[in-house]
Amino acid sequence: MSRNSNLSIFSGIHISLLPFNAVNSWTGRSGPGDSTPLSVRLHSTVNPLVENLVKLQSVELERSRVTLANRALPAEIAQAEANLNKAQAEAAALSDSLSREETLRSRLERDITQHRQRAQRLRTQRDSITTPAQLEALEHELTFADGEIDRLETEELASMERTEAHEAGLAQARAHVEIMAGALEKTRDRVAIRQKELAKDSAALQTERDTVRAVIEPDWLNRFDRLFASRGSAISRADRQQCTICSMGIRPQTWNQVREGELLSCDSCGRMLYWDPAMVPAKEPEAVPARNAAAPAIPKPRRVTG
Ligand SMILES: [Zn+2]
C-alpha cells in the first residue's frame, strides 16, 4: 500500500527531472537525505536555498493575489448595490411622474368643470340680454370659455398619453428592480463563499510561508524581504542569458556562475538570479522526429545523456 503511494508520487514528479535525480530517488529512497519533501525538489543540482527562495516567492506572490482578490470583493457588492439603487431610483422617478400627471389631470378636470359651468351660465344669460353690446361681451366670454375647455381637454389627453407611457416604463422598471435585487443577493452569497475560500487559502499560505521561512537563513530572508518589498519580487529565473523579470542581459561570467547554482544579483534590477535546469528547453526531442513511435507506458527521462 505504502509502496504504491510512493510509486505514484515518484511517477508524478520525475517525468520532468533529470535521470540523475530519478536514479537517486529510485535507489536511495530510504537514504538519509530524504526528509526534504519531494514536491519541492526541482533538480538535484539546484541549490536548496534557491528552491526555498523560489518557493517563498511563489507563496508571497500568491498571498498578494489572495489579498488583492479579497480587497476587490466589497466593490462587487457595492456595484450590485449601486445597480439596485439606480433601478429603484428609476422606478421611483416614474412613480413620481405618474403622481404628477394625476395631480395635473385633477386640476385640469376642476378647471374644465368651472369653464363648462361658466359657459352654461352664459348660455342661460343670453336669453335675457337686451343690448348688442351686452351680447357681444357675453359671446366674447363664451368663446373664451369654450376655447379654454378645448385647450384643457387637449392638455388632459396629452397627460393621459404620458401616463400610459410612464405605466409601461414603471412596469419595466419594477421588473428591473426585481432582477437587480436578485443579482445583489447572488453577489452577496458569492462574495461570502469567495471570502471563505480566500480565508482558507490565506491560512494555508501562511502555514506554507512559516514552514519555508523557517528553513531559510535570516540573512537571506532579510535580503529577500527587502527586495520583495521594494520590487514586488525578489528572485528571478535566468534564461537565455537574461533576467526573466527585467529582461536585461546577464554578463557571461555571471551567467556561468548562475548556471553552476550560485545566487547572484541581476546587474540591472538587483533581484537574485537563479537557474533552473529543468526549465531549459529540451533540444533532443526536436532532433528526433519519431512521432509515430508508440508512447511508452512509463515515461522515460528525457535527457539520458544530460
Ligand atoms: Zn533583472
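The values are calculated or read from the model by the stated rules, or taken from the named source; none is laboratory data. Every value quoted in this text rests on a predicted model; they were computed, and no experiment measured them. Virtual Cβ from ideal backbone geometry, glycine too; neighbours counted across all protein chains shown.
Quick notes
- A290 vs. criteria among the hydrophobic types (A, V, I, L, M, F, W, C), at pLDDT below 50 and part of a loop (DSSP other than H, G, I, E, B): yes
- Within the set R194, R209, the sole residue that is out of contact with any strand residue (DSSP E or B) (no Cβ under 9 Å at 6 or more places or on another chain) and over 30 Å from L49 (Cβ atoms) turns out to be R194.
- Flag if E153 is in contact (Cβ under 8 Å) with a residue 12 or more places away in the chain and surrounded by fewer than 15 Cβ atoms within 10 Å (Cβ to Cβ): yes
- Per the conditions (1) surrounded by 15 or more Cβ atoms within 10 Å (Cβ to Cβ); (2) more than 32 Å from the chain's Cα centre (by Cα), the sole criterion not satisfied by V177 is (2).
- Out of Q172, Q257, Q206, sole residue that is in a helix (DSSP H, G or I), of a type outside the set (D, E, K, R) and modelled with pLDDT under 95: Q257
- Enumeration of residues in segment 224-249 that are out of contact with any helix residue (DSSP H, G or I) (no Cβ under 7 Å at 6 or more places or on another chain), farther than 14 Å from V54 by Cβ and within 16 Å of the ligand (Cβ to nearest atom): R226, S230, R231, G232, R240, Q242, C243, C246, S247, M248, G249
- Within the option set A199, A171, A229, being exposed (fewer than 12 other Cβ atoms within 10 Å of the Cβ) and small (G, A, S) holds for one residue only, A229.
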